[in-house]
Amino acid sequence: MKGMKSYQGKKEEPYLIFGSITIEASIGVPIFFLGIVCLIYLIEIMCIGSAIKSGLDAASRNYSKEAYLVPLVQPGKIKSDLVAYVGADRINSSIISGSIDCSKSKVSGLSGVADLYAKYKVSIPIPYFNARGLEYEKHIRVKGFRGYEGSGLNLKEDTVFVTETGVVYHLDRNCRHLDLSITEVPFLGLDGMRNDSGGKYHKCEKCGNSGSGMVFITSDGTKYHSDINCSGLKRTIYQIPISEATHLRPCSKCG
C-alpha cells in the first residue's frame with residue numbers, strides 16, 4: 001500500500017512526512033515582515049506629512065504678521081520658516097528625498113490673500129517599490145494683515161474702482177483684472193515662463209538690470225523686476241463716484 005511500510009510480523013505503519021511547516025514558514029514569514037515594514041513606512045509618511053503641514057501653517061502665520069511691511073510671498077522665507085518649525089534634523093532623518101519646494105507660493109497684490117505650497121517627495125527604501133518616489137503637496141491659504149483702509153466717500157452714490165492708467169471701471173474691488181499677483185522666480189527660469197496672455201517677460205526699464213538671482217513678475221505683466229519696490233509693481237486703485245467715470249467703459253468681467 002502506498003504511503004505505508006511493512007515489517008515482517010509487525011503491523012503496517014504510515015510514513016511520517018516532514019518539512020511541510022518549514023515550506024509554509026519560508027513563504028509566510030517574509031510576507032508578514034514585509035507587511036510590517038510597509039505599515040511602518042505608511043505611518044512615517046503620515047507623520048512627516050502632518051509635520052510639513054504644521055510647519056507650513058507656522059510659516060503662514062509669520063507671513064500674515066509681516067505682510068504689512070513686506071507684501072510679498074518669498075518662497076525662500078516660507079521654506080526656512082517651515083524647516084525651522086519642523087526641525088532640520090527631523091527632515092534630514094525622514095524619508096523625504098531631496099528638498100522641500102515652496103516656489104509655487106504666491107500672493108494676490110489686491111486682496112493680500114496668499115497661497116502657500118510645500119511640495120516634497122518621499123522614497124521608501126524597499127527594492128521594486130516606488131522607484132521614482134511619491135510626490136506630496138501641502139497647501140494653505142492665508143490673509144496677510146495689511147491694516148484697515150477706510151473711505152471718505154459719500155456712500156449714498158454708487159462708487160466704482162479705477163486705476164491710474166486703466167480704461168475701464170470695476171464694480172467689484174476683488175475683480176481678477178484688478179488683482180496684481182506678484183511672484184518671486186529665478187532669473188534663469190524666465191525663458192520658459194509666460195504670462196496669462198502667453199507672452200514672454202522682458203526687462204523692466206527702471207529696475208530690470210539684474211542678470212542673476214531672483215526676480216519678480218506678475219501674472220498679467222510683461223516685465224520682470226529686480227526690485228520689489230519698483231513702481232512698475234505698484235497698482236494704485238481709486239474708489240470714485242460712478243458719475244466721475246463716464247469717460248471709462250465698464251469692465252467685461254465685473255462691470
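Tabulated results
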{"quantity": "Qualifying residues in the range 223-245 (those that are β-branched (Val, Ile, Thr) and modelled with pLDDT of 80 or more) - the one farthest from the chain's Cα centre (by Cα)", "calculated": "ILE242"}
{"quantity": "Of residues in the range 93-117 being modelled with pLDDT of 90 or more and either under 9 Å from the mean Cα position of the chain (by Cα) or of a type in the set (Phe, Trp, Tyr) (or both), the one nearest to ASP172 (Cα to Cα)", "calculated": "LEU116"}
{"quantity": "Among (1) modelled with pLDDT under 90; (2) over 17 Å from ILE140 (Cβ atoms); (3) among the hydrophobic types (A, V, I, L, M, F, W, C) - the single one ALA67 does not satisfy", "calculated": "(2)"}
{"quantity": "Residues of the range 137-148 satisfying the condition of being surrounded by 15 or more Cβ atoms within 10 Å (Cβ to Cβ) and at pLDDT 90 or above", "calculated": "LYS138"}
{"quantity": "Test: LYS65 is charged (D, E, K, R) and farther than 23 Å from PRO186 by Cβ", "calculated": "yes"}
{"quantity": "Sole residue being under 23 Å from the mean Cα position of the chain (by Cα), within 30 Å of SER50 (Cβ to Cβ) and either at pLDDT below 70 or not assigned by TED's automatic domain parsing to the domain that holds TYR63 (or both), chosen from VAL122, VAL215, VAL185", "calculated": "VAL185"}
{"quantity": "Pick from the range 41-85, criterion basic (Lys, Arg) and more than 14 Å from ASP101 (Cα to Cα), ranking: surrounded by the fewest Cβ atoms within 10 Å (Cβ to Cβ)", "calculated": "LYS65"}
{"quantity": "Extreme residue, surrounded by the fewest Cβ atoms within 10 Å (Cβ to Cβ), among residues of the range 185-201 that are in contact with a Gly (Cβ under 8 Å, 6 or more places away or on another chain) and within 28 Å of LYS253 (Cβ to Cβ)", "calculated": "ASN195"}
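The values are calculated or read from the model by the stated rules, or taken from the named source; none is laboratory data. Not measured: the values here are computed from a predicted model. Backbone-built Cβ (ideal geometry, glycine too); neighbour counts: all protein chains shown.
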